[in-house]
Amino acid sequence: MEGKYPSGASQLAWPFMHYYKAAGNHTQVAIMSDGEPWREVRHQLAKDIFGPPAAKEYLPAITEAAKLASQCAAEYGDRFDDFVTRLSFDMFCALAVGKQPQTTNEKLADPADLQFVKDSIQGFSMAGQLMKEPYRKWFPGGKMANFMASMGAVQRRGTEVANELLDKLEAGQVEGLAANSYMAKLKRRGELSKEEIRDTLMALLAAGVDTTSVVLSWILLNLAQHPDKQQRLRDELSSVLQGGDLVEDAIGKLPYLKACIRESHRFTPSVLFGGPRKLPQTATFSGFEVPAGTLVLLNQTAFQRDPRLSPIQTFSLLSVGCPTRSPSAAPRVETRPSLTTGSSRRRLARARACAWERASPRWSSRRRPAGWCRTSAWSWRRGRPGA
């Protein structure tokens, strides 16, 4: 159905593609495309950042960034959204270039880094608005001008940060976290040019600030709304870490932390729409004809809270059991029927398959429940046409 190169959600983010083409950022144009150019660049970038083995290598840098930021958290009061976005930048900067910018510490932060965070959030916010107003692609003023200006500022600062590290790498003047950074690994592999590495860093930092801050915000909010679960998580962390840093050996001993993260992802996805697929042939849904090749999206929040697909419509950790055991024994995870932990990925896959089956041309009227109707150009929901 999907062919050799499946469609990605990035193809819908036309404002970014518009900017990257205008700025001559060929690396990001390739990443946001499809086909062989996408596969080749993706393969070169994925080796040192995607997957648990690669991610674990950055744990010391990320942990240090979080520890430094936590010392300033109380100073933010009702500006906690600023704290989370700056923390996200600090963690990604530590991972990408091995630098601790400490933007959460307003006394130590570089104004240029603070502006980068502000421009990144502004750029992604404007992109979201522009995606709902595609005609603005042909109107260079107003929102489009603001978006282009924000992204231009992001690219300039990203280039400065990348050049600083690349110059030190060429001079052999890096050590510690910088030597183990993502950019350093890309440089040592020699598969990408200096320009391609710079372009990659700019996009990585900007995207990291936006998506990571959304994930962190939801996790913190979900826990704050359920103080009993927050306390249980705190107890687990205190018991396992004993006041120390999060290290690789401790990860397997923190099942409740893992459950909280997974449940937050399930209940409040960081991206509303996902799982884009192109219809292999023209199909008709509730009287609406959808042409072959149309990109259909899954409303991730809606299907996770659909009682027909998930038995749980609230933030819940019922499937996690950590019975009291000796301090030296690793906690045990018990699983019961739910979408939260244990067999969650298999259940999630079945739920997604069910959802896509209902959007398939082969979905028979005998199996179909109530009709579905289009709520926008890209999404559908159950109900009557025009409802």
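Of the listed requirements (1) without any contact (Cβ under 8 Å) to a residue 60 or more places away in the chain; (2) over 15 Å from CYS93 (Cβ atoms); (3) surrounded by 18 or more Cβ atoms within 10 Å (Cβ to Cβ), VAL154 misses just one: (2). Apart from one condition, GLN102 fits all of (1) of a type in the set (S, T, N, Q); (2) touching a helix residue (DSSP H, G or I) at 6+ places or on another chain (Cβ under 8 Å); (3) over 22 Å from TYR182 (Cα atoms); the exception is (3). Filtered by the rule that a residue be closer than 14 Å to PHE83 by Cα and free of Cβ contacts under 8 Å to residues at least 24 places away in the same chain, the range 108-143 gives ALA109, LYS118.
For (1) outside the structural domain of ALA65 (by TED's automatic domain parsing); (2) more than 30 Å from GLY24 (Cβ to Cβ); (3) out of contact with any Asp or Glu (no Cβ under 7 Å at 6 or more places or on another chain); (4) in contact (Cβ under 8 Å) with a residue 60 or more places away in the chain, each residue gets a yes or a no:
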residue	(1), (2), (3), (4)
LEU205	no, no, yes, yes
TRP218	no, yes, yes, no
ASP235	yes, yes, yes, no
GLN242	yes, yes, yes, no
GLU289	yes, yes, yes, no
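Inside the range 105-116, residues that are among the aliphatic types (A, V, I, L, M) and surrounded by 16 or more Cβ atoms within 10 Å (Cβ to Cβ) make up a count of 2. The criterion of being among the charged types (D, E, K, R), in the same structural domain as SER193 (by TED's automatic domain parsing) and either on the phi > 0 side of the Ramachandran plot or at pLDDT below 80 (or both) does not hold for ASP48.
Among the residues of the range 38-78, the ones that are part of a helix (DSSP H, G or I) and touching a residue at least 12 places away in the same chain (Cβ under 8 Å) come to 19 in all.
Selection of strands (runs of 3 or more DSSP E) fully inside the range 217-291 by the criterion of at least 2 residues being surrounded by fewer than 17 Cβ atoms within 10 Å (Cβ to Cβ) returns 273-278, 288-290.
Condition first: surrounded by fewer than 16 Cβ atoms within 10 Å (Cβ to Cβ) and either at pLDDT below 90 or closer than 23 Å to THR27 by Cβ (or both). Can you find one or more residues in the range 82-104 that meet it? No. I want to confirm something. Restricting to the range 169-201 and keeping residues that are charged (D, E, K, R) and in contact (Cβ under 8 Å) with a residue 60 or more places away in the chain, which single residue is nearest to MET91 (Cα to Cα)? Going through the qualifying residues, I end up with LYS185.
The values are calculated or read from the model by the stated rules, or taken from the named source; none is laboratory data. Note that the coordinates shown come from a computational prediction; the quantities given were computed from them, not determined experimentally. Cβ sites come from the backbone with ideal geometry, for glycine too, and all protein chains shown count toward neighbours.
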